[in-house]
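The values are calculated or read from the model by the stated rules, or taken from the named source; none is laboratory data. Keep in mind the model is a prediction, meaning the values are calculated, not measured. Positions of Cβ are backbone-derived with ideal geometry, glycine not excepted, and every protein chain shown enters the neighbour counts. Just the protein is used for accessible areas: all its heavy atoms, side chains included, with ligands, DNA and RNA removed. Shrake-Rupley method; radii C 1.70, N 1.55, O 1.52, S 1.80 Å.
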Amino acid sequence: MDATPSHEAPAPAGASRPFWRGARAALSTPGLVLFGSFTGFGAMTHDFGWPIWIAALSTVLIWAAPAQLVLAGALASGAGIAAASLAVTISAVRLLPMVVSILPVLRSDRTSLGARLLAAHYVAVTAWFEGLRRTPALDRESRMPFFLGLANGLVVGSTIATVAGHAAAGLLPAALSIGLLGLTPIYFLLSLERGASGLGERLAIGFGLVLAPLIATVSPRFDLLWTGIIGGTIAFAIDRAARRRRSAA
């Protein structure tokens, strides 16, 4: 994906308009799917015995459903707060490549360090995917405000969904709560497949699906990291060899 447009439009008069455009974009299909996932998370925290304000605070501060599930599982297993925090930190390493890939797209010559750090905090799967999909069509000065509006809209909506799920926990079957948590990764997988434009990208998705359950049995703490490294490397090597074969033919 080419993240840099061939020309840049004039800078907007202010940042409020792209910010609110981004906030409205949070109500698109990916956002609604994400809210469904956090509804399931809220219901699960009720079963774990969390107060409703703790469940909401975890969404505001951690802002990543997988990491929040790691926290909930660690605390439920009797781990101390320090060990649970360490587990959450390790799980967040998977987001680092997303931060590295999206910040150059969002920043401009006038983007402050504080804005970049704030944007890095907001990077999670849905915000990253929608940010990369939507912001390249905007001029440079509008991208960061748009992304911050999008991310804040997603956080606010997810927090409301967490509270709603916690409050409605007695009405939701356990199977439905667990199923709602799976909405976001399924949607993300389908979106990746739809956006894959070359052999290497499709192979990387396929290898990831095959290797993930196998590596999870060997290294459950670093399964995503090793799946990405091994599957991505193999896919890259095959794609590169195919390109060389085509150029030599």
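Things worth noting here:
- Condition met for residue 150 (part of a helix (DSSP H, G or I) and either within 26 Å of residue 233 (Cβ to Cβ) or touching a Ser or Thr at 6+ places or on another chain (Cβ under 7 Å) (or both)): no
- Residue in region 26-36 that is under 15 Å from residue 130 (Cβ atoms), out of contact with any helix residue (DSSP H, G or I) (no Cβ under 7 Å at 6 or more places or on another chain), assigned to a helix (DSSP H, G or I) and among the polar types (S, T, N, Q) present: yes
- Verdict on residue 142 being in a helix (DSSP H, G or I) and open to solvent by less than 40 Å² (accessible area, probe 1.4 Å): yes
- The condition of being among the small types (Gly, Ala, Ser), open to solvent by 40 Å² or more (accessible area, probe 1.4 Å) and within 20 Å of the chain's Cα centre (by Cα) holds for only one of 157, 170, 228, 153, that being 228.
- Subset of region 129-139 (residues that are open to solvent by less than 40 Å² (accessible area, probe 1.4 Å) and not charged (D, E, K, R)): 131, 132, 135, 136, 138
- Within region 166-184, the set of residues being part of a helix (DSSP H, G or I) and either modelled with pLDDT of 90 or more or more than 14 Å from residue 32 (Cβ to Cβ) (or both) comprises 166, 167, 174, 175, 176, 177, 178, 179, 181.
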